[in-house]
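For reference, the structure discussed in these notes is given below.
The values are calculated or read from the model by the stated rules, or taken from the named source; none is laboratory data. Note that the coordinates shown come from a computational prediction; the quantities given were computed from them, not determined experimentally. Cβ coordinates were reconstructed from backbone atoms using ideal geometry, including for glycine residues, and neighbour counts include every protein chain displayed. Accessible surface areas use protein heavy atoms only, side chains included; no ligands, DNA or RNA. Shrake-Rupley method; radii C 1.70, N 1.55, O 1.52, S 1.80 Å.
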Amino acid sequence: MPHPRSLAAALLAAALAVPAFAANTPGFNYDESKVRAYTLPDPLVRNNGTPVRDAETWRRERRPELLEIHAREIFGRTPGGKPAGLHWAVTSVDRAALGGKAVRKEVTLWFTAAKDGPKAYLLIYQPVAPAGTKPAWPAFLGLNYYGNSSVNADPGITPSAAWMRANAEFGIVKNRVTEATRGKHASRWDVERVVARGYATATLYYGDLCEDRTEGLGGGVAKLFGTAGTEARRGDEWGSIGVWAWGLSRALDYLVADGEIDGTRVAVHGHSRLGKAALWAGAQDERFAFVISNNSGCGGAALERRNFGETVERINRSFPFWFAKNFRAYNGREDSLPVDTHCLIALMAPRPVHVASALADEWADPKGEFLGAKHAEPVYALFGRKGLGVAAQPAVDSPVIGDGLAYHVRTGKHDITPYDWAQYLAHADRVLKKR
Ligand code: GCU
């Protein structure tokens, strides 16, 4: 007799699996019985064929090999770390924001010594410190899609003046935000809840780093590093996901220096294309203490070898500037990739990773996202961590927070919802809160 909760969950899953809910691109496989057999590369076998049996060998030998493969074949190489000229200015502080419940700070980050080089605007909310205390808050950091003013209706947020992708529903007019954009993505950030729970939350607009269009790789931060543009670049030069990941690390440079934030307890998170960027940022920058992938799909957490939903060929054709040009060599040839997404997730080990799916988001392959996390377990085991600790994908709305790895699939579509935040906060309370 199935447990009533899992029965209800199964019925709900069946109801939601109908195509009416799914924004699935036609012409791709959404039938589990049509997923071809595949063999995953073993993250614990070095390029020279020798096995990795301990954490020390993983760190010294295998982790650098896997980072190199991801850089060369998938995301492109990150041309540099923290630029010498990186500097910032705190441009506004309101210690009674959100009706007195939060402190709001705005910070401009310049990536060169000059003020006319590329720059980004960081928005931070943090709890109000109890009188007489000076806490350093654990924090969430993520990029946003429509500028800082989209993340909360707070009238004090300075709107972005940057180019945005067209979106009438979000009040984007002539590729710029308007007052109608304010708070449009508030449910995706859940700022009040995150702050009430004792965390800071920091964000910047991804287009400040690299515009999400073909021309983007000829401007912004990419230009600073001399990137030749989407088609003119060498095969292993970075794409915009690489630039976004780099920007997350620069925002972390600031957070580490902000005495009111604890730079050793910063979670990096992202949704969809920005979930891919969050994973790549977390893989490269071990200062991120916790990594969250929300519906990151193809090029993110979902195993590429599973022919379910979006494919490597499709993503490279739709977004030729997201990844390295070398990634195009795997169009229709996922089986020849020297890694798969479990290797990307394993690059975080032993730091905690939380992978989340949405049931109706079949394009992102929820089961493939689960398996990306699941197959990272052997690397977590080297560090004495159990990983997810479940054999099969958990039922819908039944999150699993394991030891080092967590996964949930919720009802509904491609999005970040308060339900997702409830899971991230529960996980963060375990791994980022001081005991
Ligand atoms: C497209 C793309 C996905 C991506 C998504 C998003 O659907 O195919 O790979 O994750 O956009 O970023 O919203």
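In the structure shown, the pairs 174/276; 34/413; 184/223; 119/276 are assessed against 26 Å; a Cα-Cα span above that value is assigned to 174/276; 184/223.
For the chain, averaging the sequence separation of C-alpha pairs within contact (under 8 Å, six or more residues apart) and dividing by the residue count gives a relative contact order of 17 percent. Of the accessible area of the chain, computed with a 1.4 Å probe over protein heavy atoms only, carbon and sulfur atoms account for 56 percent. Note on residue 383 and residue 161: with the Förster distance fixed at 41 Å, the Cβ-Cβ geometry gives a FRET efficiency of about 0.35. Take the stretch 251-359 with all the other protein chains still there, run a 1.4 Å probe, and you get 21 Å² of accessible area per residue.
Multiplying the sequence separation of residue 90 and residue 46 by 0.36 nm and subtracting their Cα-Cα distance, what value in nm do you get?
That pair, residue 90 and residue 46, stretches by 11.3 nm at full extension.
Rolling a 1.4 Å probe across the protein heavy atoms gives the stretch 18-144 an accessible surface of 51 Å² per residue. Considering only 176, 273, 104, the mean-square fluctuation computed in a Gaussian network model of the chain, springs between alpha carbons under 10 angstrom, is largest for 176. Packing, taken as the mean count of other beta carbons within 10 Å per residue, orders the peptides 302-309, 252-259 from highest to lowest as 302-309, 252-259.
From the square roots a ≥ b ≥ c of the eigenvalues of the alpha-carbon gyration tensor of the chain, which class results: rounded (a/c under 1.5), prolate (a/b over b/c), or oblate? Rounded, since a/c falls under 1.5. The heavy atoms of residue 411 present about 40 square angstrom of accessible area, all protein chains included, probe 1.4 Å. Computed packing ranks the peptides 334-341, 209-216, 62-69 as 209-216, 334-341, 62-69, most packed first, by mean other Cβ atoms within 10 Å. Computed about its Cα centre, the charge dipole of the chain is approximately 540 debye, with only Lys, Arg, Asp and Glu carrying charge at their Cβ. In terms of its C-alpha gyration tensor, the stretch 325-415 has an oblate overall shape, because the principal axis ratio a/c (a ≥ b ≥ c, square roots of the eigenvalues) is not below 1.5 and a/b does not outweigh b/c. Among 270, 49, 332, the residue with the largest mean-square fluctuation in a Gaussian network model of the chain, with springs joining Cα atoms closer than 10 Å, is 49.
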